[in-house]
Amino acid sequence: MILTDTLFLATPSYRSRAYAQAMSAAGLLPARVIALPGNEPIWEGAAEITVALRPGRTARFRPGETVAETFACLGVPVVGAVSADVNSVEFIDQLRTYPEPVLIFSGPGGVIVRAPALGIGKRFLHVHGGYAPQFRGSTAFYYSILDEGTIGATALWLTEVLDGGPILDRRRYEPVPGIEIDRIQDPLARADLLVDVLEGRQREGRYPDGAPDGVDAHTYYVIHPVLKHVALDRTGLLQH
Amino acid sequence: MTEYVYTRRNLFEAPEYYHYAQCNQAGYLEAWRNSRRDFVGALVQARYEAAGPAAREAEPLEARLAGLTAEVGQAGRVSADAADVVHRLVHKYEVSRRLYQRYAGDWRRLEGVPAAGLQTYLWFAQLLILHCRHIPRDRQKLSTLLKVCDALASLDPATYSAAQSRALEAILAAESELVDQLAREFQ
């Protein structure tokens with residue numbers, strides 16, 4: 001099933017790979033993929049990893065499989081972005097040439113999409129790695145592991161407020177012992193929630209507008225390695 | 001052997017942003033503690049050779065942080081003003097890894113104002129410590145404190161005056177206690 005109103009903007013990353021494979025597994029495909037330039041990460045672990053994300057939802061992830069490889073035989077066109085900078089005039093002009101009004105955003109980490117890109121009449125669907133608004137910002141899931149022993153994901157429409165846009169859906173996940181977080185668990189949790197949103201769009205025929213929620217909002221910055229270590233210890237992810 | 005790598009270069013000259021840190025080795029905390037212990041040893045050694053501080057006027061942000069640190073220490077609680085200043089400076093430090101000697105009333109950076117001196121970072125660290133002691137679940141502030149301490153420990157110990165050296169030794173001891181306290185929560 002092709003989602004004719006939906007683009008997928010993918011930078012080379014494990015998150016983009018998880019999104020592509022989750023969409024493929026759910027049979028919900030974007031109309032096209034815009035591939036941002038960059039170096040594909042090299043995976044040297046197991047070819048496939050199975051993770052029980054939550055009751056009733058087990059993900060199979062091939063971390064070494066690129067987005068282009070996932071979509072190669074599914075009829076989804078992959079086009080190259082003219083710039084790696086999603087805020088550049090060239091890239092914004094390119095986006096304007098596509099008719100799809102919704103863009104699944106899997107851009108480079110830490111990049112903030114600015115007003116000119118957000119103002120071209122397309123909505124940017126982003127799945128943040130944290131349970132917003134309590135855990136906004138960077139590496140928020142490590143802070144939530146320290147605070148409450150969970151990792152979170154929040155699907156929202158991007159606005160100029162960092163992780164502060166209208167929320168479509170959100171969920172907390174129990175960390176899975178022995179499965180690394182940065183490259184596996186966080187991407188898979190986000191992909192899981194993304195598929196839920198896409199399934200909702202499929203059922204309803206349209207994306208929800210989402211609801212703003214700024215109550216008890218906290219914005220986090222990249223966690224210091226010592227605190228990250230304590231969080232990893234809490235989830236049984238230390239190498240002995 | 002696990003090593004702590006974040007104080008090997010001058011972080012005021014070449015800031016560190018800690019993306020995708022590899023810290024999942026079982027001996028990581030011990031490596032961090034050893035790194036801090038070695039620095040404190042060098043700090044104490046250099047103290048005996050340090051010249052007395054040159055008389056100078058305190059920078060505006062430095063003076064404000066000194067005042068707030070004294071106020072929070074005496075009151076035994078974090079006032080709204082102190083919490084707001086900590087919040088603003090954490091944002092500024094996390095974004096640019098720099099503080100400046102003075103800001104506009106709405107915390108905008110002012111054109112031409114120089115970067116803050118070492119003493120401002122020492123007061124900032126002390127205020128963060130007090131904040132973390134009073135509000136221990138505010139992990140963001142502890143994370144920022146660790147980064148500020150990395151930066152301070154990335155300098156040549158001889159950089160510090162004897163008074164600054166003693167203050168930094170106390171800061172690193174308090175930092176260690178706060179990390180121990182956090183680690184104990186999960187034992």
Original post:
Quick one: would you say B:TYR48 is at pLDDT 95 or above and either within 13 Å of chain A (Cβ to nearest Cβ) or open to solvent by 40 Å² or more (accessible area, probe 1.4 Å) (or both)?
Top reply: no
Subject >> Selected residue (criterion: nearest to A:VAL226 (Cα to Cα)) from residues of the range B:1-26 that are in contact with a Ser or Thr (Cβ under 7 Å, 6 or more places away or on another chain) and either at pLDDT below 95 or among the aliphatic types (A, V, I, L, M) (or both) >> reply: B:GLN25
Original post:
If we keep just the residues of the range B:119-140 that are closer than 16 Å to B:GLY73 by Cβ and within 14 Å of another protein chain (Cβ to nearest Cβ), which is surrounded by the most Cβ atoms within 10 Å (Cβ to Cβ)?
Top reply: B:LEU128
Original post:
Any residue at all in the range A:163-175 that is open to solvent by 50 Å² or more (accessible area, probe 1.4 Å) and within 11 Å of chain B (Cβ to nearest Cβ)?
Top reply: no
Subject >> Selection within the range B:10-26 - acidic (Asp, Glu) and open to solvent by less than 60 Å² (accessible area, probe 1.4 Å) >> reply: B:GLU16
Original post:
Of these, B:VAL95, B:VAL78, which one is closer than 30 Å to B:LEU110 by Cα and touching a helix residue (DSSP H, G or I) at 6+ places or on another chain (Cβ under 6 Å)?
Top reply: B:VAL78
Original post:
Among the residues of the range A:115-136 satisfying the criterion of being open to solvent by 10 Å² or more (accessible area, probe 1.4 Å) and part of a strand (DSSP E or B), which is farthest from A:ASP93 (Cα to Cα)?
Top reply: A:ARG136
Subject >> Residue match in the range A:142-152 (condition: in contact with a His (Cβ under 8 Å, 6 or more places away or on another chain), away from chain B (no Cβ under 13 Å) and not aliphatic (A, V, I, L, M)) >> reply: no
Original post:
Is at least one residue of the range B:134-148 at pLDDT below 95 and in contact with a Pro (Cβ under 8 Å, 6 or more places away or on another chain)?
Top reply: no
Original post:
Among the numbered criteria (1) without any contact (Cβ under 8 Å) to a residue 60 or more places away in the chain; (2) assigned to a helix (DSSP H, G or I); (3) under 27 Å from B:ALA21 (Cα atoms); (4) open to solvent by 10 Å² or more (accessible area, probe 1.4 Å), which single criterion is violated by A:SER144?
Top reply: (4)
**OP:** Please specify each residue of the range A:204-240 satisfying the condition of being part of a loop (DSSP other than H, G, I, E, B) and facing another protein chain (nearest Cβ under 7 Å).
**Re:** A:TYR221, A:VAL222, A:ILE223, A:HIS224, A:LEU237, A:LEU238, A:HIS240
Subject >> Breaking point among (1) at pLDDT below 95; (2) not in a helix (DSSP H, G or I), for B:ALA158 >> reply: (2)
Subject >> Hits in the range B:27-40 (condition: open to solvent by less than 30 Å² (accessible area, probe 1.4 Å) and under 19 Å from B:SER143 (Cα atoms)) >> reply: B:TYR28, B:LEU29, B:ALA31, B:TRP32, B:SER35, B:ARG36
Original post:
Checking B:ARG77 against (1) modelled with pLDDT of 95 or more; (2) touching a His at 6+ places or on another chain (Cβ under 7 Å), which test does it fail?
Top reply: (1)
Subject >> Residues of the range A:198-240 satisfying the condition of being in contact with a strand residue (DSSP E or B) (Cβ under 7 Å, 6 or more places away or on another chain), modelled with pLDDT under 95 and hydroxyl-bearing (Ser, Thr, Tyr) >> reply: A:THR219
**OP:** Working only within the range B:83-112, note down all residues that are more than 14 Å from every other protein chain (Cβ to nearest Cβ) and aliphatic (A, V, I, L, M).
**Re:** B:VAL85, B:LEU99, B:ALA104, B:LEU110
**OP:** Considering only the range B:156-171, state which residues are open to solvent by 10 Å² or more (accessible area, probe 1.4 Å), aliphatic (A, V, I, L, M) and closer than 13 Å to B:ALA125 by Cβ.
**Re:** B:ALA167, B:ALA170
Original post:
Does any residue in the range A:104-122 that is under 24 Å from A:ASP192 (Cβ atoms) and within 14 Å of chain B (Cβ to nearest Cβ) come within less than 7 Å, Cβ to Cβ, of a residue that is part of a loop (DSSP other than H, G, I, E, B) and among the polar types (S, T, N, Q) six or more places away or on a different chain, and which pairs are these?
Top reply: A:PRO108/A:THR11; A:GLY110/A:SER138
Original post:
Right, B:TYR93: crowded, with 16+ Cβ neighbours inside 10 Å and either without any contact (Cβ under 8 Å) to a residue 40 or more places away in the chain or more than 20 Å from B:ALA167 (Cβ to Cβ) (or both) or not?
Top reply: no
**OP:** State yes or no: is A:GLU180 within 14 Å of chain B (Cβ to nearest Cβ) and either touching a residue at least 24 places away in the same chain (Cβ under 8 Å) or touching a Pro at 6+ places or on another chain (Cβ under 6 Å) (or both)?
**Re:** yes
**OP:** Please specify each residue of the range B:72-129 satisfying the condition of being within 13 Å of B:GLU62 (Cβ to Cβ), in a loop (DSSP other than H, G, I, E, B) and touching a Pro at 6+ places or on another chain (Cβ under 8 Å).
**Re:** B:GLN101, B:ARG102
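The values are calculated or read from the model by the stated rules, or taken from the named source; none is laboratory data. It should be emphasised that the depicted structure is a prediction, and the values quoted were computed from it without experimental measurement. Here the Cβ is made from the backbone with ideal geometry for all residues, glycine too, and neighbour counts use every protein chain on show. In case anyone asks, the SASA skips ligands and DNA or RNA and just uses the protein heavy atoms, side chains included. Shrake-Rupley method; radii C 1.70, N 1.55, O 1.52, S 1.80 Å.
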